[in-house]
Amino acid sequence: MLHEDKGVECMFWSKDNIIERLSKIPRTLEDVSIEIFEGIPSTNDFIHKVNLSRGDCTNTSYICRDLLRSVSIEQELMYPYMDDSLSNEFAINSSQYRFMLPYEILGNNVRKEYRIFQPEEMKTRFPMAYKRLREIKYKFRTDGEGLNSADCYRLKNESFLHYINTPKIIITDHYRLQASYDFAGNHVFAEGIGIVLGDPTIYHYVTAVLNSSISRVFPEIWNREKVRENSNLYPKVLKRFPIVFPECETVETLINTISRYLIYLNIQKHTAKVYSLSNYQRLIEFYKRIADLLILDTYITNDLDPKFIEILAENIVSSEDEFEYSNDMSLLIALQGIKRNILENPDFRKCKFSNEFTNILATLKNNGVW
């Protein structure tokens with residue numbers, strides 16, 4: 001357990017002090033993002049929503065959400081869909097639903113270009129999808145005409161297609177800021193909100209921040225500025241989330257790495273069949289608390305014990321591999337070993353917080369934030 005430094009003069013921090021300081025941070029999520037979008041409206045008749053959870057599905061046969069029969073559609077046109085009912089911090093639970101999206105991605109840049117398939121091309125390359133689109137049209141219209149390009153894709157705003165296959169942050173809970181990281185970048189959102197960032201290297205850091213105690217203070221800022229509506233997140237508000245990056249590269253690397261640890265642990269916890277969930281949860285709570293300390297110090301104090309940072313840097317190691325999506329149980333053992341090495345380090349219990357830092361932690365905890 002870390003101890004406070006009795007030699008440092010105490011400074012009292014109220015919740016108002018913290019909120020005021022956060023509200024004055026000039027850099028926002030909008031400043032570091034390319035675009036924030038709400039996703040596909042699920043009421044669109046020409047986007048085909050299907051359920052992949054049924055056991056009788058084949059590679060090309062899907063059970064429609066609105067029908068009791070299977071429908072054959074080319075697999076290349078099926079893209080994942082997610083809403084806030086699948087909320088889980090630091091992780092993505094694959095959705096059982098998918099949309100049929102008749103387009104293709106051009107190029108491989110962060111801001112990807114796309115091209116919508118025209119009706120004649122759809123008829124030739126994807127006859128099953130073409131047939132289904134015609135069925136939908138005839139179901140809702142009686143004009144008897146063939147498909148046109150508007151029928152193939154009818155969205156109010158198609159700009160999000162640039163970002164379907166781009167990694168993004170996912171806000172999955174409308175009542176509390178909570179971010180999950182979509183590594184594949186192919187989820188489309190209706191009720192949730194996706195945030196696409198220009199620099200892929202900061203995805204894990206932002207994920208950690210949006211799951212930290214700092215994010216739980218932010219709704220107070222919305223309320224005071226009277227920009228919150230019905231407790232829901234929406235792009236205009238979310239763009240104003242204050243973003244601060246650590247001055248020390250070591251601290252930012254630590255937060256990024258811990259965020260990747262937590263993605264891995266949450267996925268493992270969700271899919272665990274043999275190993276007890278409590279063991280996963282204890283590891284999750286340990287790494288979340290360390291990330292929270294580092295983020296809180298970055299935003300508010302900048303006075304964590306340097307020895308504490310040194311101990312963390314010696315043990316919490318990064319990897320170029322995409323380990324957060326691995327199913328390798330040896331990673332779990334490794335994360336347990338890292339926790340043990342940190343706690344058993346003889347210098348760990350000698351690390352100290354200043355009174356200022358301790359008061360901030362106490363204030364957040366007493367206000368139900370910590």
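Results for (1) β-branched (Val, Ile, Thr); (2) at pLDDT 65 or above; (3) in a helix (DSSP H, G or I); (4) out of contact with any helix residue (DSSP H, G or I) (no Cβ under 6 Å at 6 or more places or on another chain), shown as yes or no for each residue.
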{"residue": "79", "(1), (2), (3), (4)": "no, yes, no, yes"}
{"residue": "114", "(1), (2), (3), (4)": "no, yes, no, no"}
{"residue": "122", "(1), (2), (3), (4)": "no, yes, yes, no"}
{"residue": "130", "(1), (2), (3), (4)": "no, yes, yes, no"}
{"residue": "138", "(1), (2), (3), (4)": "no, yes, yes, yes"}
{"residue": "144", "(1), (2), (3), (4)": "no, no, no, yes"}
{"residue": "155", "(1), (2), (3), (4)": "no, no, no, yes"}
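Identify, please: which residue in the range 316-339 is assigned to a helix (DSSP H, G or I) and of a type in the set (D, E, K, R) and is, among those, surrounded by the fewest Cβ atoms within 10 Å (Cβ to Cβ)?
339
Does the range 34-57 contain any residue that is at pLDDT 70 or above, of a type in the set (A, V, I, L, M, F, W, C), under 30 Å from residue 281 (Cα atoms) and in contact with a strand residue (DSSP E or B) (Cβ under 9 Å, 6 or more places away or on another chain)?
For the range 34-57, residues at pLDDT 70 or above, of a type in the set (A, V, I, L, M, F, W, C), under 30 Å from residue 281 (Cα atoms) and in contact with a strand residue (DSSP E or B) (Cβ under 9 Å, 6 or more places away or on another chain): absent.
Exactly one condition in (1) closer than 29 Å to residue 183 by Cα; (2) at pLDDT below 90; (3) assigned to a helix (DSSP H, G or I); (4) of a type in the set (A, V, I, L, M, F, W, C) is false for residue 342; which is it?
Looking at each condition in turn, residue 342 falls short on (2).
Any idea which residue in the range 14-40 is farthest from the chain's Cα centre (by Cα), counting only those that are assigned to a loop (DSSP other than H, G, I, E, B) and buried (at least 16 other Cβ atoms within 10 Å of the Cβ)?
Among those residues, the one meeting the criterion is 40.
Please give the number of the condition residue 216 fails out of (1) closer than 17 Å to residue 297 by Cα; (2) under 11 Å from the mean Cα position of the chain (by Cα); (3) modelled with pLDDT under 85.
(2)
Any residue that is under 20 Å from residue 256 (Cα atoms), modelled with pLDDT of 90 or more, buried (at least 19 other Cβ atoms within 10 Å of the Cβ) and of a type in the set (Gly, Ala, Ser) - is there at least one of those in the range 285-302?
Yes, that holds for at least one residue.
Would you pick out the residues in the range 90-107 that are outside any loop (DSSP other than H, G, I, E, B) and at pLDDT 75 or above?
Residues satisfying the conditions are 98, 99, 100, 103, 104, 105, 106.
The values are calculated or read from the model by the stated rules, or taken from the named source; none is laboratory data. All figures in this text were calculated on a predicted structure; none of them were measured in a lab. Ideal geometry is used to build each Cβ from the backbone, glycine not excepted, and the neighbour counts take in all protein chains shown.
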